[in-house]
């Protein structure tokens, strides 16, 4: 009985104390599973590299947990954190962390550290993005914003 209740307590703490987030980006972060460079599969490899860059940057402050790969959709930019009413192709990625408030900055912004961590992180451009970007780096602030973060 003791081990079952102990396991339940650990599971309860994990569920209780994980925080959920979502992000939208104009950068192609498709999770292709293409981990090797192979002739004719370069684009799949580059998309996977962008996804891995995203995961590594998210993981600077905490281990992250996700159950679904990023999903591409078309939506009005203003609805997902971009300063435009244009219909944009965006990738949505939902994830959670094992620690509470890990991305909250000292100003109380629940995604403030994500903004700092992603500023100027390079990515591979020219894949399935529809927005032209001047520089191939993540930019979480206007002007030129190409990634937006939200706490659920």
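Some values worked out for this structure:
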quantity: Residue 92 paired with residue 74, simple spin-label distance in nm, labels 7 Å along Cα-to-beta-carbon; calculated: 1.6 nm
quantity: Extension reserve of the residue 52-residue 127 stretch, reckoned as 0.36 nm per residue once the Cα distance is removed; calculated: 25.5 nm
quantity: Relative contact order of the chain, defined on C-alpha pairs under 8 angstrom at six or more residues apart (%); calculated: 31 percent
quantity: Quotient of Cα Rg and 2.2 N^0.38 Å for the range 100-151, N being how many residues it contains; calculated: 1.26
quantity: Overall dimensions of the range 18-151 by Cα: Rg and Dmax, Å; calculated: 14.5, 48
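Rule-based calculations on the coordinates, nothing more; no lab input. Owing to the predicted nature of the structure, the values given are computational and were not obtained by experimental measurement. Counting neighbours? That spans all protein chains shown, and the Cβs are built from the backbone with ideal geometry, glycine included.
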